[in-house]
Amino acid sequence: MESTNLLNNRAAIDLLVSTFYAKVRANNLLGPIFNSVITDWPAHLTHIASFWETNLLRSSNYKGNPIENTKK
């Protein structure tokens, strides 16, 4: 079976990330949690998309350490 990677460019990753988080923000249970923590959604979405672009496309756009950020 042939594999097709639909997440093969930044535009596709941006679309997935923005669609996913739009649904999270609108969710009655999850929305209030995320909306109370994230104050700059455009910057957050760019940062998350860069993380996925780096991992999926082997780019070097993401700068950060997601594991270290959870140790606060």
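The values are calculated or read from the model by the stated rules, or taken from the named source; none is laboratory data. These figures come from a predicted structure and were not determined experimentally. Cβ: placed from backbone, ideal geometry, glycine included. Neighbour counts: every protein chain shown.
Here is a check on your reading of the model: is residue 2 modelled with pLDDT under 90, in a helix (DSSP H, G or I) and more than 12 Å from the chain's Cα centre (by Cα)? Taking the combined requirement at face value, the residue does not satisfy it. Looking only at segment 25-37, residues that are loosely packed, with under 14 Cβ neighbours inside 10 Å and either of a type outside the set (Gly, Ala, Ser) or touching a residue at least 60 places away in the same chain (Cβ under 8 Å) (or both) come to 8 in all.
Scanning segment 4-24 for residues that are exposed (fewer than 13 other Cβ atoms within 10 Å of the Cβ), within 18 Å of residue 60 (Cα to Cα) and among the aliphatic types (A, V, I, L, M) turns up just one, 11. The set of residues in segment 49-67 being modelled with pLDDT under 85, of a type outside the set (S, T, N, Q) and either surrounded by 15 or more Cβ atoms within 10 Å (Cβ to Cβ) or outside any helix (DSSP H, G or I) (or both) consists of 62, 63, 64. Give segment 7-48 a look and list any residue that's out of contact with any Asp or Glu (no Cβ under 8 Å at 6 or more places or on another chain) and either among the basic types (Lys, Arg) or in a loop (DSSP other than H, G, I, E, B) (or both), or say none. Passing the criteria: 7, 8, 9, 23, 25, 27, 28, 29, 38, 39, 40.
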